[in-house]
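Notes follow the structure.
The values are calculated or read from the model by the stated rules, or taken from the named source; none is laboratory data. Keep in mind that this is a model prediction, so the values were computed, not measured. Reconstructed Cβ throughout: ideal geometry from the backbone, glycine too, with neighbour counts over all protein chains shown. Note: areas computed on protein heavy atoms with side chains; ligands, DNA, RNA excluded. Shrake-Rupley method; radii C 1.70, N 1.55, O 1.52, S 1.80 Å.
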Amino acid sequence: MADVTIGGRLHEFTAGSIGLADDVARTLGVEKFDEELTYQGGTLLTARIRSYDPQIQLTEDRLVAVWRGRRHCFFTEMYGAKTIDLLGALRTLRVAEHDDGLTLRPTSKTGAEFAAPATVLKEVPGLGLLEIAPLTKQRAGQLPSWRGLQTQAGELFRDVLPDGQTYFVLAAADVWLSLVPFAETDVEQVPALVNQLRVRTAG
């Protein structure tokens with residue numbers, strides 16, 4: 001996932017293997033797409049949905065967009081936007097598909113820029129869902145106040161989500177990682193499994 005500021009507005013992009021973006025769109029209520037365009041080596045599909053937010057008591061109009069390549073895709077959405085607004089935002093980015101995923105890069109002199117380092121979501125069989133990002137000062141400041149368990153991968157902290165589910169946070173040398181174990185994962189075995197991980201930033 002990556003947050004990009006384009007024209008003063010924050011846009012979130014979620015990329016993954018082919019099918020992920022369609023799954024996300026379905027969870028938002030998209031049954032079929034309204035438009036299909038060829039765009040930057042792939043197919044761009046759009047749909048409009050209306051949803052009611054009871055907290056602010058307003059109906060929101062959203063433009064949902066899915067870009068599909070050969071093996072990878074991305075998803076984004078814009079509030080109160082038209083297709084031309086979406087294309088205007090996407091023109092500030094260069095989309096490139098590689099064997100191992102997608103890259104979205106702001107093009108020069110467009111004013112688009114990353115608002116924060118991108119995060120990676122990855123399912124590890126037998127363990128859980130991992131969210132991986134660089135260990136910034138902000139994330140380091142959000143680590144629990146108590147001392148974590150030292151593993152070969154880094155310092156491991158255990159905590160509980162509001163719904164009572166156990167989760168873990170790993171602080172490696174230059175990587176922050178959160179881990180939500182699968183339902184079938186024995187949480188008592190997580191430290192031993194994490195001890196086998198090797199996490200670092202690329203480069």
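Scanning the stretch 144-162 for residues that are at pLDDT 85 or above and either among the hydrophobic types (A, V, I, L, M, F, W, C) or part of a helix (DSSP H, G or I) (or both) yields a total of 6.
List, please: which pairs have Cβ atoms under 8 Å, are six or more places apart or on different chains, and start with a residue in the stretch 131-154 that is within 18 Å of V120 (Cβ to Cβ) and end with one that is at pLDDT 85 or above and hydroxyl-bearing (S, T, Y)? These pairs meet every condition: E131/S178. Taking strands (runs of 3 or more DSSP E) as the structural unit, those lying wholly within the stretch 1-60 and holding at least 3 residues that are under 20 Å from T103 (Cα atoms) and open to solvent by 50 Å² or more (accessible area, probe 1.4 Å) correspond to 9-17. Considering each of A89, A133, A81, A140 in turn, give the residue that is under 26 Å from F33 (Cα atoms), open to solvent by less than 50 Å² (accessible area, probe 1.4 Å) and not in a loop (DSSP other than H, G, I, E, B). One residue alone meets the criteria, A89. Number of residues in the stretch 163-203 that are under 20 Å from K137 (Cα atoms) and assigned to a loop (DSSP other than H, G, I, E, B): the value is 8. Can you find a residue that is of a type in the set (F, W, Y), out of contact with any Leu (no Cβ under 6 Å at 6 or more places or on another chain) and either crowded, with 16+ Cβ neighbours inside 10 Å or closer than 24 Å to F114 by Cα (or both) anywhere in the stretch 151-165? Yes, because at least one residue in the stretch 151-165 is of a type in the set (F, W, Y), out of contact with any Leu (no Cβ under 6 Å at 6 or more places or on another chain) and either crowded, with 16+ Cβ neighbours inside 10 Å or closer than 24 Å to F114 by Cα (or both). For the stretch 93-130, filtering for residues that are assigned to a loop (DSSP other than H, G, I, E, B) and open to solvent by less than 40 Å² (accessible area, probe 1.4 Å) leaves 4.
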